[in-house]
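See below for the structure under consideration.
The values are calculated or read from the model by the stated rules, or taken from the named source; none is laboratory data. Given the structure is predicted, the values throughout are model-derived calculations rather than measurements. Positions of Cβ are backbone-derived with ideal geometry, glycine not excepted, and every protein chain shown enters the neighbour counts. Accessible surface areas use protein heavy atoms only, side chains included; no ligands, DNA or RNA. Shrake-Rupley method; radii C 1.70, N 1.55, O 1.52, S 1.80 Å.
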Amino acid sequence: PRVLAYNAGRIASYMVAGALAGGLAGGAQSLAGLAGLQLGFYWLANLMLVALGLYLMDAWRGLAHLEAAGNVVWRRVRPLLKPLMPMDTAFKALAVGGLWGWVPCGMVYSALLTAMLQGSAIDGAAAMAAFGLGTLPMLFGMGLLGTRLRAQMQRRPVRIASGLLVLGFGLLGLLRAANGVSLGWLDAL
């Protein structure tokens, strides 16, 4: 129950961030009337996927600088965790998960750019819910298996395979954007 509550809190905080990102981008797009803004964010989101893939493979550490910049927010959130430790109840786990969603992370930043592409708070929250649910099997498993599974995920071949997969999605997105393919996934099929 605690691992499930923790992940529910984490995904809820992702949804709040997605709603903020999607709502702000939607508001900016409505105010500016710029369809190109969404395309620019699409390029940026796919460049972030390329950067994330390279980061996972340890081929480029540029996202470490972005995560360091995110530490400004984390320094304000971290003190809120002290009363929640040890995480011995489902409520504490839910609260820690909710705070954990604000930890600086290149993967989350990449997903937030995708949430911005949605152009509305509801769709941005839905995009981040999809991201959170996509990470749920891995993080739920790591919560249950702890250090044994974490050690396997740090193995170089696993990181390279994961990085190549993310890099491939980023390159595909950049190729689609460069060739004028519409932003709808179903249109590409």
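Secondary-structure-derived ellipticity at 222 nm for the chain, considering helices only, amounts to -26500 deg cm²/dmol, per-run term -39500 (n - 2.57) for DSSP H runs with n ≥ 4. A straight chain from Leu80 to Phe140 at 0.36 nm per residue would run longer than the Cα-Cα distance by 19.3 nm.
When each of the peptides 164-171, 110-117, 7-14 is scored by how many other beta carbons lie within 10 Å of its residues on average, the order from highest to lowest is 110-117, 7-14, 164-171.
Enter the angle in degrees (range 0 to 90, nearest 10) between the Cα long axis of helix 62-77 and the first principal axis of the Cα atoms of the chain, meaning the one along which they spread out most. The two axes meet at around 50 degrees.
One chain, two ends: Arg156 and Leu133. Fully extended at 0.36 nm per residue, the span grows by 5.8 nm beyond their Cα-Cα distance.
A 1.4 Å probe run over the protein chains yields, for the chain, 57 Å² of accessible area per residue, whole-number rounding.
Phi angles across region 105-113 convert, under the Karplus curve 6.51 cos²θ - 1.76 cosθ + 1.60 with θ = phi - 60°, into 3J(HN,Hα) values of 7, x, 5, 5, 4, 4, 5, 5, 5 Hz, Gly and Pro given as x.
Accessible area ranking (1.4 Å probe, heavy atoms, ligands and nucleic acids excluded), largest first, for Tyr109, Tyr55: Tyr109, Tyr55.
When the Cα gyration tensor is reduced to axis lengths a ≥ b ≥ c, the ratio a/c is 1.5 or higher for the chain, and with a/b not above b/c it is classed as oblate. Taking packing as the residue-averaged number of other Cβ atoms within 10 angstrom, the listed peptides 121-132, 58-69 run from highest to lowest as 121-132, 58-69. Given labels modelled 7 Å from the Cα in the Cβ direction, how far is it in nm from Thr89 to Arg61? Distance between label points: 4.2 nm. The portion of the accessible surface of region 121-172 made up by carbon and sulfur, rounded to a whole percent, is 73 (1.4 Å probe; DNA, RNA and ligands excluded).
The smallest convex shape that holds all Cα atoms of region 70-156, its convex hull, gives 131 Å³ per residue. Of the residues Thr89, Leu99, Asn179, the one whose Cα sits farthest toward the positive end of the charge dipole of the chain, with +1 on the Cβ of Lys and Arg and -1 on the Cβ of Asp and Glu, is Thr89.
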